[in-house]
Amino acid sequence: MAEHYDVIIAGTGAGGGTLAHTLAPSGKRILLLERGDFLTRETENWDPGPVFVDGRYISPDTWYDRDGTPFQPQVHYFVGGATKLYGAALYRLRPEDFGEIKHVDGISPAWPLSYADFEPWYTKAEWLYQVHGEHGTDPTEGPWSRQYPWPPVSHEPRMQEISDALERGGYHPFPAPCGIMLNEADRPASLCIRCATCDGYPCMVHAKADADIIAVRPLLGLPNVTLLTGAEVVRLETDPAGRTVTGVVVDRGGREGSGGGEGSGGGEGSGGKGKLEVYHGDIVVLAAGAVNTARILLRSASDACPTGLANGSDQVGRNYMYHKSKAVAAFGKEPNETVFQKTLAINDFYFAGDDRDWPLGNIQMLGKSNAMAMKGEEPHLTKLAPGFSLEEAARHAVDFWLTTEDLPKPGNRVTVDRDGGVHLDCTDTNDAEAAGLYAEFRKILNHIGMAEHHVLHKNFYMSMNIPIAAVAHQAGTCRFGTDPATSVLDVNCRAHEVDNLYVSDTSFFPSIGAVNPALTAIANGIRVGEHIAERLGVSTSALAWTPAQRPAPAEMTRTAGGGG
Ligand SMILES: Cc1cc2nc3c(=O)[nH]c(=O)nc-3n(C[C@H](O)[C@H](O)[C@H](O)COP(=O)(O)OP(=O)(O)OC[C@H]3O[C@@H](n4cnc5c(N)ncnc54)[C@H](O)[C@@H]3O)c2cc1C
C-alpha cells in the first residue's frame, strides 16, 4: 500500500523549501519532490570559468520562443532551486508596489493584500534567512515591525568612497539587505568572501542563506519529512470533476522509488526518461518556479479541464514577468579592490515624482567582476579602454545592477506543446523607463568620478545577450486575486477551482515591482505554510522551531535519491 502524505510539495526553492520548513514542526507527513539533486560542493563552485563561461549549473533544458526558436533558459534545478545561485539580495517590495501604479506602458495592478497585511511575514522571512541590513535607511521602504537580525555588511573602502560621494551628490544610498551568514562560528567571513559575493555562484562554504541550507537541510532528519531528489512532477491527476487532486505523477528519471506510489506506466515524454510513479496526498503544493508550475498545470489537462488544471479562466501561464535588468561595469582610475561589493543600493528613482513622469527602478551593486567572467566581453573592452588588459579592467571595474519593473501582460505567457515543451512568448515592457534609469545612472557616474563613456554592458550575467533566456526573476503565470475570472489563485494561494491545490513560488505575483523577488516568495511561503497548517488543524504557535529541532545543517554531497 503506497504511503499517503498530508502535504506533497513540488519544488524546494524559495517558495517550496520555505513552505516545507514552516510546516515541518507540525508533525504532518510531508513529501518534498525535487527535480534536481543537491548541488555538489566542489572547487568549481567558485570558479568563474565553469560557472559563467561553461554554465555548469544551468539546466540543459530547451525552451522555445514565440517563433519556435529554441533557447537554453537560465534555470537551476537543485535542492534550493534558483537560490543556490542567487545573489541573496533580499528586499521587501515597497508599500506602493501592493497598490496600482501607472507606468509608461500600462498599469502595474494592485495586490489583493496590502503591504501592512504582508509585513509580519516579511519580518519572519528576514529572520529565517538571516538578513543583514538596516531598516530606516532607505527612504522608500515601508514600516517594519522588527529590525533585521544582523547589522548591514559594512562597506569596503572603495564602496564607502562611492557611498560618501553619492551622498555629497544629493542621493540617498543605503546598505543593501543581504542574506549571508557571516556570523556563524563555522562559516568565518574570511572563508566566505572567497567567492567574491555569491552573485551567480553557489557558496562552497554554505554561508549563503539559500533555501537548501536555511530551509530544507534542517528537515532531513525529521521522521515526518521525506525528500525525493531526481523527482520531476510531470502532471497532476484529479477526480472526474477536476476539483480535487488525487495523484501527483512523477518522473524519477530511472531511479527507484522510496516509499512512493504505484507506477502508472512509463514512456511519457517529460524531458526525463524514467518510469512514472504516482504519489498521493491530502494537499498538493506546486512550487516549481513560475514557468514550471504553469507547465505542470497546463500538462494536467483532462476531460474535465481541457485547457489545463485550474485554468477555467484561461489565466494559467499568462502575465509572465521577469524584470528589465541591466548589468553594467564602470571603470574608474582608482582600482577597486572590493571583494564583497553588494553592500550598497539606491532607490532614488523608484517612484515617479520631481521631474520624472514614471517610476524608473532600483540601482544596486552586483558581484565583483573578475577577468575570467569578463572574458566574453573582451572585444568590447578593447574598444572601450584601449590598453587595458582583462585583469586590469576587472581590477578597476565597479559593477552595478539596474532593475526596472516589467508589467504583467496577458500575451506574455507560457504555453506547452504536445510533447510538454515550454514555449515562452514575451514582449518587453517599460523600455522607456529602463532607458530613463540608465540615463540617471550615467549622471551618477559623474558624481562618483567615473566617466560615463567607460561603461561596459555586461552580457555574461543572466544571458543578457538572449533576453528571453534571462528567466532568473521569472514571476506571474498563476497570479493570486479575489476574482476567479482574472486570477488563478485565491488570497491564500489556493487554486480557485481545485480545493486541495496550492501554489507557493513567484507564480503568484500580480506585479513584480523593481526589487529582487526572492524575499517576497519566501515570506509568501511562510504565509501559505501557516495557512495550510491551520487548515490541517495545527495552530501557528505549534510551528515554532526550537534549537533542538533545528540542528546545524547537515554536510551533504550529491545524493542519488530519497532522503528523509
Ligand atoms: C543568478 C541568479 C541570481 C539571483 N539573485 C537574486 C537576488 O539577489 N535576490 C533575489 O531576491 N532574487 C534573486 N534571484 C531570483 C530568485 O532566486 C528567485 O526569484 C527565487 O528563487 C524564486 O523562487 P521560486 O520558489 O519561485 O523558484 P525556485 O527557487 O527556482 O524553486 C523552484 C524549484 O522547483 C524545482 N522544480 C522545477 N520543476 C520541477 C518539477 N517539475 N518537479 C519538481 N521540482 C521542480 C526546481 O529544481 C527548484 O528547486 C536570482 C536568481 C538567479 C538565477
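Computed values, structure above
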| item | result |
| --- | --- |
| Inter-probe distance in nm under a simple model that places probes 7 Å from Cα toward Cβ, at residue 419 and residue 354 | 5.2 |
| Total charge dipole magnitude, the stretch 316-357, about the Cα centre, Cβ charges on Lys, Arg, Asp, Glu only, Debye to nearest 20 | 340 |
| Heavy-atom accessible area ranking, 1.4 Å probe, most first, across 323, 4, 280 | 4, 280, 323 |
| Pairwise FRET efficiency - residue 539 versus residue 239, Cβ, R0 = 25 Å, nearest 0.05 | 0.25 |
| Given charges at beta-carbon only (K, R positive; D, E negative), |dipole| of the stretch 1-108 in Debye | 360 |
| Two-site label geometry, residue 160 and residue 443: point separation in nm, points 7 Å out along Cα→Cβ | 2.9 |
| Two-site FRET efficiency, residue 301 against residue 53, from Cβ-Cβ distance with R₀ of 51 Å, rounded to 0.05 | 0.80 |
| Whole-angstrom gap from the stretch 474-539 to the stretch 231-253, using each part's C-alpha centre | 19 |
| Under-5 Å amide H pairs with residue 276, H placed in peptide plane, nonlocal only | 264, 265, 266, 267 |
| Projected label distance in nm at residue 485 and residue 334, using a 7 Å step from Cα toward the beta-carbon | 5.9 |
| Taking the stretch 1-71 and dividing mean pair separation by its residue count, relative contact order in percent (alpha carbons under 8 Å, at least six apart) | 23 |
| Dipole-positive endmost among 91, 51, 69 within the stretch 46-147 (Cβ charges, Cα centre) | 51 |
| Solvent-accessible area, 1.4 Å probe, carbon plus sulfur percent, for the stretch 137-179 | 54 |
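The values are calculated or read from the model by the stated rules, or taken from the named source; none is laboratory data. Keep in mind that this is a model prediction, so the values were computed, not measured. Note that we place each Cβ from the backbone using ideal geometry, even for glycine, and neighbour counts take in every protein chain shown. Ligands, DNA and RNA are excluded from the accessible area calculation, which covers all protein heavy atoms including side chains. Shrake-Rupley method; radii C 1.70, N 1.55, O 1.52, S 1.80 Å.
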